[in-house]
1. Lys and Arg at +1, Asp and Glu at -1: add these up for the other residues within a Cβ distance under 11 Å of Asp90 and post the number.
2. Work out from phi, with θ = phi - 60° and the Karplus expression 6.51 cos²θ - 1.76 cosθ + 1.60, the ³J(HN,Hα) of each residue of segment 79-91, listed in order in whole Hz, and give x for Gly and Pro.
3. Taking the Cβ of Gly100 as the centre, find all other residues whose Cβ is under 10 Å away and add up their charges (Lys, Arg: +1; Asp, Glu: -1).
4. So what's the net charge close to Asp57: Lys and Arg +1, Asp and Glu -1, counting the other residues with Cβ under 12 Å from its Cβ?
5. Per residue of segment 53-67, in order, report the coupling 6.51 cos²θ - 1.76 cosθ + 1.60 (Karplus, θ = phi - 60°) as ³J(HN,Hα) in whole Hz, putting x for Gly and Pro.
Amino acid sequence: MSSGYATDVQPVMLRRNSTQTTVPGLHHHHSSSSSSRHATSSRSDMPLKGWFNRRGDQFIDKNTVICQPMDRQFSSRFKGYPEVGQGYGDSNGNIIDVQGRLIKRIG
């Protein structure tokens with residue numbers, strides 16, 4: 001007997017109460033696959049996106065700065081960035097002041 005719901009006209013393999021767990025020809029992707037391991041293999045080699053100071057604090061806007069936790073402050077990744085209180089730099093070498101105004105432009 002039909003209940004009148006749309007699932008009554010769907011193929012059996014697509015119904016929620018189906019005992020079949022896989023659809024032939026359909027492959028499932030799991031986050032634990034080898035491809036996801038390669039994407040996070042070395043974050044320190046990737047250029048930073050955003051504006052940072054020497055301590056590693058990230059400038060979001062003139063009212064918002066995300067501070068680095070104590071155990072991550074002054075990482076070698078930030079050695080070429082402006083000192084705390086002097087501004088913020090991006091990975092290209094551009095520098096803005098603490099208000100977000102451009103001080104030095106590269107390129």
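1. Local charge sum for Asp90: +3.
2. Karplus-based 3J(HN,Hα) across segment 79-91 equals 5, x, 8, x, 5, 4, x, 9, x, 9, x, 10, 5 Hz.
3. Neighbourhood net charge equals 0.
4. Net charge in that neighbourhood comes out at +2.
5. 9, 4, 6, x, 5, 9, 7, 9, 7, 5, 10, 9, 10, 9, 7
Since every read-out is calculated from the coordinates, none of them should be taken as a lab result. Because the structure is a prediction, the values reported are computed rather than measured. Cβ sites come from the backbone with ideal geometry, for glycine too, and all protein chains shown count toward neighbours.
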